[in-house]
Every structure is written in C-alpha cells, then in structure tokens.
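The values are calculated or read from the model by the stated rules, or taken from the named source; none is laboratory data. Just so we're clear, the structure is a prediction, and the values are computed from it rather than from any experiment. Neighbour counts run over all protein chains shown; Cβ positions are idealised from the backbone, glycine included. Accessible surface is based on the protein model in full, side chains and every heavy atom, while ligands, DNA and RNA are left aside. Shrake-Rupley method; radii C 1.70, N 1.55, O 1.52, S 1.80 Å.
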Amino acid sequence: MQNYQLDNTDLAILNILMQDARRPFTEVAEEVFVSPGTVHVRMRKMEKLGLIKNSQLQVDLSKLGLDVTAFLGVYLQKSSLYDDVVAALKAIPEIVDCHYTTGAYSMFVKIVCRDTNHLKNILHDFIQPIEGIERTETFISLEESINRQVQLNRAY
C-alpha cells in the first residue's frame, strides 16, 4: 500500500464501516474518539490507495424472488482458457461470485436463481455451452449461516 501503514484508528474505522457502510462519519468518529474530519481524511486516503474498493448494500435476495443459491465447481478443459471462461461468465447476471481455485475444480462459482428450474436453464443454456468448460458440479445451498466481513485486528 505505497508506504502507508494502517494504525489502530484506521482498523477501528474500517471495522465499523464494514459492518454498516452507511454509518455517518460523525458516529464513527465518536466511537473511535477522533474528529469526523479525521475519519473523512483517513477514508479518502484508504480509497486512493485502493484499500477500499466500494460500498455495497446487502439485499435479501429471497425477498426479490431469488430463492436458490448454488455453487458450481467448474472443470476447465485447460487452465489457459480461464480468462475467456471468466469473460463469458461475467455476461450471466445470475453469477455473483467466481474464484480461480486449486484442488478438484478450476473455478468455483456462486449463482443465485428464482428456483431450481431457473438454475437448470442457466446451467443448460448459458454455462454448459461456454467454450472451455469441460463440466460442472452443482451444489445447492440449503441455508446461509454466516455472511460477514473479516474482523481486522491488525494490519496484514
């Protein structure tokens, strides 16, 4: 991070805002015992350094009718096709997460769908035809028990 060392104040600010990015800087400042200006300056510095990528709302997708979450283990025909496959997967809006992995799968993908029929259609019509994908293995999530940010206790 370009010679910028995070201190305990930075970590405290990040921990608070990772839990609720909409918290006003004035509240964060009170909790960390600094001025709101200090919070603002430090946040801007961390954004410029690329430490903070964006702020997102966490939406309960099931309330929008997206009731099925599945994970796909993707086997590539060869690893050199990874970039092309990722580009094709990015065009599928139901895919929300993708990782290049070691182990049995070349990639691990998270997908959200309305129901199992929607999932079947996405797999059959959009994912399986992608050139470079040898096959996939699908895991349907029955419940998400943990979804959180990592707690920052020290600069890594």
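Only a single item in (1) open to solvent by 80 Å² or more (accessible area, probe 1.4 Å); (2) outside any loop (DSSP other than H, G, I, E, B); (3) touching a residue at least 60 places away in the same chain (Cβ under 8 Å); (4) touching a helix residue (DSSP H, G or I) at 6+ places or on another chain (Cβ under 9 Å) is not met by residue 153, and it is number (2). Within region 78-100, residues that are under 14 Å from residue 126 (Cβ atoms) reach partners that are open to solvent by 80 Å² or more (accessible area, probe 1.4 Å) with beta carbons closer than 7 Å, at six or more positions or on different chains, in the pairs 92/126. The set of residues in region 119-149 being free of Cβ contacts under 8 Å to residues at least 12 places away in the same chain and open to solvent by 90 Å² or more (accessible area, probe 1.4 Å) consists of 120, 124, 142, 143, 145, 146, 148.
As a summary of the residue check, residue 109 satisfies the conditions (1) among the aliphatic types (A, V, I, L, M); (2) at pLDDT below 95; (3) open to solvent by less than 30 Å² (accessible area, probe 1.4 Å) except for the one numbered (2).
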